[in-house]
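> Provided herewith is a single structure, encoded as structure tokens, for subsequent inquiry.
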Amino acid sequence: MQQKIIILDFGSQTTQLIGRRVRELDTFCEILPYNKFPNDDPSVIGVILSGSPFSVHDPEAFQVDLSQFVGKVPVLGICYGAQYISHTCGGRVERADSREYGRAHLEWVDAGNPLFKGFDEHSQVWMSHGDTITAIPDDCKVIASTANVRYAAYASTTQPLWAVQFHPEVFHSSQGSLLLKNFVVDICGSRQQWSAASFVESTVQELREQLGNDRVILGLSGGVDSSVCATLLNRAIGDRLTCIFVDHGMLRKNEFNKVMDAYKGLGLNVIGVDASAKFFADLAGVTDPEQKRKIIGRDFVEVFNAEAHKIQDARWLAQGTIYPDRIESLNITGKTIKSHHNVGGLPEEMHLKLCEPLQWLFKDEVRRVGREMGMPERLIKRHPFPGPGLAVRILGDITPEKVRILQEADDIYIEAMLNYVCPDGEVLYDKIWQAGAILLSTVRSVGVMGDERTYEHPVALRAVTSTDAMTADWAHLPYDFMAQVSNEIINKVRGVNRVCYDISSKPPATIEWE
Ligand code: XMP
């Protein structure tokens, strides 16, 4: 049986990070809302309680019945989790005199405690809380302190229960990964058998059982998630998978053909549909960004459905939904704020069941699975690309000519990025989360070319670093690279006479311009 760690989410922004850290230990974990602990699941080997935006004293603070798991499997409370355990088990939590935020160093650690095995004496930890624990439950003992926080960590002497007020999951806790390893591997007894290879093997097996002889349809986008999903399904059911790749005319330069070739090379059964004329016709004259998105979304569903209907007796719709798309992150009111589907709007009467084999994976795990299946490295490392494509990177209305101009500029930019090797030997493209060019077609500026005055559009370049696209920072691209790209775009792309670099982070900006 596959072992798993349950992470109960009390709404902290770093809950997903806890999940990633556990997965890095080759251990399967599920992040569940704080009140959804799966009783009677024998595969659970440990529980982690996350932080929370609440104080334990807030009337609306999230409550959980600890007896569901405390004393049954090892438990680790982090931040709010630690305070909640103290608060409900006879300790005390009070408002801290000053908010404890940021870097701190452990002054004292009980090196004999299994949670701190291998810890350095003054290990750096990351604090982020407004309350502090002023008394711990009777059966507990303190196992680490900082200068300001006496109960930085405590443990029960009677049951397998640990609690830390700092955040071991964040990068700034220098030995945080070690602490989690001590908990997950040594204390909970993880056999560390969750790997890309084991995932492929067990998922292919499960898909065969789940799908039997049924036919499956999948919408390909050229992106990593849908491509890995298709390859996995192809391995499980071969030709009974039919993939549909819609060209809406706003893909990157030569993208449709390149991606179709790559898919055929992977042995996928793909139908390519060139629907660009329909999309261009429906978008003509439309300038409002939301309106553009709506039209593209609607047209996409229409084209996809028309193709899907041609496939007789299809029973399933497969989607490359990944874990961050579906984690029920809690907002402060306790409502689920994120629900997501890659392809929506399939008519009810199609009666297709959903098949989402990547639904438990983080993005980096999807890439590892792709690699494990021998997919080409360039396909696996592709930057994310928005569904509406270049339409959200052209300000104002869309015409085939504007798309052509942007495709040329974008192609120069991305090719240069793929060819630029950084001093550390890594290709620049691989350091960047996502990059693309934006055509500022509602703006014109004066320039001079040869002896002639020009009055043309600027192109903005965007490149960001990120881990999940929720937040992003503009990438510090090398100046010589920017100079080369700017020259090449202005010299080669008719209709563009100026290149700018977007230095906005998200928030408050977004990655895309529209
Ligand atoms: P923003 O612009 O919101 O983008 O910072 C975050 C991430 O989502 C991608 N994106 C989209 N993907 N359909 C998609 O499939 C869309 O309408 C869409 N809008 C943005 C964007 O490229 C980035 O990776």
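The values are calculated or read from the model by the stated rules, or taken from the named source; none is laboratory data. This structure is a prediction, so every number in the text was calculated from the model and none was measured. Cβ atoms come from the backbone with ideal geometry, glycine included; neighbour counts cover every protein chain shown.
> What do you reckon, is Ala230 within 23 Å of the chain's Cα centre (by Cα) and surrounded by fewer than 18 Cβ atoms within 10 Å (Cβ to Cβ)?
So Ala230 does not fit the description; no.
> Moving to a separate point now. Output the strands (runs of 3 or more DSSP E) that fall wholly within the stretch 232-334 and possess 1 or more residues being closer than 19 Å to Lys353 by Cα, or say none.
Per the criteria, 241-247, 314-318.
> Quick test of your reading of the structure: Ser43 fulfils all but one of (1) of a type in the set (S, T, N, Q); (2) over 16 Å from Ile6 (Cα atoms); (3) surrounded by fewer than 19 Cβ atoms within 10 Å (Cβ to Cβ). Name the failing condition by number.
Every listed condition holds for Ser43 apart from (2).
> Still on this model: Which numbered condition trips up Asp410, out of (1) within 26 Å of the chain's Cα centre (by Cα); (2) surrounded by fewer than 20 Cβ atoms within 10 Å (Cβ to Cβ); (3) within 16 Å of the ligand (Cβ to nearest atom)?
Condition not satisfied by Asp410: (2).
> What is the residue count in the stretch 466-479 for residues that are more than 16 Å from the ligand (Cβ to nearest atom) and either free of Cβ contacts under 8 Å to residues at least 40 places away in the same chain or among the β-branched types (Val, Ile, Thr) (or both)?
Here the count works out to 2.
> Looking at (1) in the same structural domain as Gly370 (by TED's automatic domain parsing); (2) surrounded by 19 or more Cβ atoms within 10 Å (Cβ to Cβ); (3) in contact with a helix residue (DSSP H, G or I) (Cβ under 7 Å, 6 or more places away or on another chain), which one does Ser221 not meet, given that it meets all the others?
Condition not satisfied by Ser221: (3).
> Continuing with the same structure: What is the number of the single condition among (1) surrounded by fewer than 19 Cβ atoms within 10 Å (Cβ to Cβ); (2) outside any loop (DSSP other than H, G, I, E, B) that Asp397 does not meet?
(2)
> Which one of these does Val446 not meet: (1) in the same structural domain as Arg404 (by TED's automatic domain parsing); (2) not in a strand (DSSP E or B)?
(2)
> Within the stretch 86-118, count every residue that is outside any strand (DSSP E or B) and either farther than 12 Å from Ala152 by Cβ or not assigned by TED's automatic domain parsing to the domain that holds Asp58 (or both).
Summing the residues that are outside any strand (DSSP E or B) and either farther than 12 Å from Ala152 by Cβ or not assigned by TED's automatic domain parsing to the domain that holds Asp58 (or both) in the stretch 86-118 gives 12.
> With the structure loaded, tell me whether Phe279 is modelled with pLDDT under 95 and surrounded by 18 or more Cβ atoms within 10 Å (Cβ to Cβ) or whether it fails that test.
no
> Quick one: how many residues across the stretch 253-276 are in contact with a helix residue (DSSP H, G or I) (Cβ under 7 Å, 6 or more places away or on another chain), crowded, with 16+ Cβ neighbours inside 10 Å and closer than 29 Å to Val200 by Cβ?
Final tally of qualifying residues: 6.
> Here is a list of conditions, (1) surrounded by fewer than 21 Cβ atoms within 10 Å (Cβ to Cβ); (2) outside any helix (DSSP H, G or I); (3) of a type outside the set (A, V, I, L, M), and Arg208 meets all of them except one; can you say which number that is?
Evaluating Arg208 over (1) surrounded by fewer than 21 Cβ atoms within 10 Å (Cβ to Cβ); (2) outside any helix (DSSP H, G or I); (3) of a type outside the set (A, V, I, L, M) leaves (2) as the failure.
Here's the yes/no breakdown for (1) within 16 Å of the ligand (Cβ to nearest atom); (2) under 28 Å from the mean Cα position of the chain (by Cα); (3) more than 30 Å from Asp364 (Cβ to Cβ); (4) exposed (fewer than 15 other Cβ atoms within 10 Å of the Cβ):
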site: Asp430; (1), (2), (3), (4): no, yes, no, yes
site: Trp433; (1), (2), (3), (4): yes, yes, no, no
site: Arg444; (1), (2), (3), (4): no, no, yes, yes
site: Val448; (1), (2), (3), (4): no, no, yes, yes
site: Thr454; (1), (2), (3), (4): no, no, yes, no
site: Val464; (1), (2), (3), (4): yes, yes, no, no
site: Ser486; (1), (2), (3), (4): no, no, yes, no
site: Ile490; (1), (2), (3), (4): no, no, yes, no
site: Val493; (1), (2), (3), (4): no, no, yes, no
